[in-house]
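The values are calculated or read from the model by the stated rules, or taken from the named source; none is laboratory data. Because the structure is a prediction, the values reported are computed rather than measured. Glycine also receives a Cβ, built like all others from the backbone with ideal geometry; neighbour counts cover every protein chain displayed. Ligands, DNA and RNA are excluded from the accessible area calculation, which covers all protein heavy atoms including side chains. Shrake-Rupley method; radii C 1.70, N 1.55, O 1.52, S 1.80 Å.
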Amino acid sequence: MPLLDVENVSKAFGSLRALDNVSFRVEPGEIFGIAGPNGSGKSTLFNTITGIPFGPDRGRIIFDGVDIHRKAGHEIARLGLARTFQRETSFDKLTVFENVLISATYSKANRSPEEQRRNAVEALDVVGLPRSSQGRLAEELSVFDRKCLMLATAVAMQPRLLLLDEPASGLTKPEIETSIELIRRISGLGVTILLIEHVLTFLMSLSQHLLVLNQGQVLALGDPRSIIADPRVVEAYLGTRKAAV
Ligand SMILES: Nc1ncnc2c1ncn2[C@@H]1O[C@H](COP(=O)(O)OP(=O)(O)OP(=O)(O)O)[C@@H](O)[C@H]1O
Ligand SMILES: [Mg+2]
């Protein structure tokens with residue numbers, strides 16, 4: 001059984017069809033890549049899956065056998081689905097540790113405070129944020145460390161499915177390399193990952209399956225190597241703002 005089954009999902013903003021009949025399945029344990037030019041509906045897809053801020057207009061989303069497309073965002077999160085955002089998102093005036101603890105506390109409300117604190121420390125270790133930075137305010141961190149912090153807050157929820165929206169955007173080449181290792185490490189913990197990225201080489205090095213969106217529709221779906229050679233995919237990427245490779 002797939003861990004995530006997205007069936008004919010559509011979402012419109014007025015006359016704009018941001019998602020138009022999108023269907024795909026994600027198997028447990030895999031890294032599933034999502035590509036597409038600017039405005040093709042990638043982030044909207046994550047919004048509809050997580051219910052934040054909205055679910056789909058039409059279609060069904062089944063997570064581990066549970067119908068989630070009508071559920072509220074917090075209910076979906078508690079089922080074991082966490083996400084990061086395209087822009088670094090954190091509570092700037094709280095410390096690194098407090099940011100992660102909030103997330104551990106929220107998602108594991110039935111655990112003891114000691115266990116929640118342990119979860120938070122473990123999540124920071126997983127993303128490689130040094131323990132010496134735990135007392136720093138989130139706003140003091142570099143862009144890369146803020147991305148790591150956002151990732152740590154998601155990891156602290158101990159999700160079964162993690163949705164990453166362009167984790168490499170705005171990073172330098174060495175930081176991108178570190179991010180690739182980081183995503184592999186999280187995947188190695190048994191977390192299934194949905195990964196949005198513009199940079200196809202980044203997706204190629206990580207994903208077992210790839211979905212390419214174009215103007216809200218599925219342009220290609222399947223094995224990354226054959227998809228990257230598909231002339232329609234190449235064409236969709238030509239002339240886009242960001243580099244495809
Ligand atoms: N809340 C919203 N209200 C109105 N239009 C929206 C909203 N969210 C997204 N859109 C529009 O839907 C389309 C898809 O946007 P989306 O952010 O999903 O694209 P994307 O593939 O993530 O793009 P990018 O690569 O730039 O992040 C765009 O035309 C966008 O302007
Ligand atoms: Mg986006």
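Please report the spacing between the Cα centers of the range 31-66 and the range 148-200 in Å, no decimals.
17
Quantify, in whole percent, the carbon and sulfur part of the accessible surface of the range 92-158 (1.4 Å probe; protein heavy atoms only).
Percent of accessible area from carbon and sulfur atoms in the range 92-158: 52.
Report the paramagnetic label zone for Y106: residues of the range 143-158 whose backbone N is under 16 Å from a point 7 Å from Cα along the Cα-to-Cβ axis.
149-158
Based on DSSP H assignment, which helices of the chain show an axial Cα extent of at least 20 Å together with a mean Kyte-Doolittle hydropathy greater than or equal to -1.0?
Both cut-offs are met by 113-127, 173-188.
Would you mind giving the average projected area, over all directions, of the Cα convex hull of the range 2-84 in nm² with one decimal?
Spelled out: convex hull of the Cα atoms, projected over all directions, averaged, 5.3 nm².
When ligands, DNA and RNA are left out and all protein chains stay put, how many square angstrom of accessible area per residue does the chain have with a 1.4 Å probe?
46
Considering only Cα-Cα distances, which of the following residue pairs are longer than 26 Å: K147/K173; K93/K173; K42/K93; K11/K93?
Distance filter (> 26 Å) returns K93/K173; K42/K93; K11/K93.
Calculate one ³J(HN,Hα) per residue across the range 68-73 by plugging θ = phi - 60° into the Karplus curve 6.51 cos²θ - 1.76 cosθ + 1.60, and present them in order as whole Hz with x for glycine and proline.
10, 5, 10, 7, 6, x
Bin width 10 Å, origin at 0, all Cα-Cα pairs of the range 92-158: what percent of pairs per bin?
In order of increasing distance, the bins hold 26, 57, 16, 1 percent.
Compute the length gained on full extension between S132 and A72: take 0.36 nm times their separation in residues and subtract their Cα-Cα distance, giving the result in nm to one decimal.
The span from S132 to A72 would gain 17.9 nm if fully extended.
Size of the dipole of the range 92-158 about the Cα centre, Lys and Arg at +1 and Asp and Glu at -1 on the beta carbon, nothing else charged, in debye to 20?
The calculation lands at about 100 debye.
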